[in-house]
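Participant: Submitted below is the structure of interest, expressed as structure tokens.
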Amino acid sequence: AAASRPLEALLITPIQRLPRYSLLLRDLLKQTSPGHPDHAAIGSAMEEVEGQANLLNSVCPSTPEVSLHNAIPYVVDKTGLCGGGKV
């Protein structure tokens, strides 16, 4: 399973999950009545996840010659993840 996957395949997994979480939260928000106590929190969570996904899309190099190995430190540096420290 995970032990047989290359490092690059494992590193991209959290980034690939953001759109899935966004879709899940969007659907959950549609199914939650506006009067429900969790409606606002679900909406806020959806906006936060979508904002982070948009941020990653805007700072991640999209050229094919940029390898994932090079892109991850770039994304961490540009987004301020890990307290803005270098990887």
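The values are calculated or read from the model by the stated rules, or taken from the named source; none is laboratory data. Predicted, not measured: the structure shown is a model, and the values here were computed from it. Note that each Cβ is placed from the backbone with ideal geometry, even for glycine, and that neighbours are counted across all protein chains shown. The area values use the complete protein model at the heavy-atom level, side chains included, leaving out ligands, DNA and RNA. Shrake-Rupley method; radii C 1.70, N 1.55, O 1.52, S 1.80 Å.
Participant: Filter the range 30-80 for residues that are at pLDDT 75 or above and in contact with a Lys or Arg (Cβ under 8 Å, 6 or more places away or on another chain) and give the result.
Facilitator: MET46
Participant: Right, next: Just to be sure before I move on: is LEU24 at pLDDT 80 or above and open to solvent by 60 Å² or more (accessible area, probe 1.4 Å) in the structure I sent?
Facilitator: Numbers: at pLDDT 80 or above: yes; open to solvent by 60 Å² or more (accessible area, probe 1.4 Å): yes.
Taking the combined requirement at face value, the residue satisfies it.
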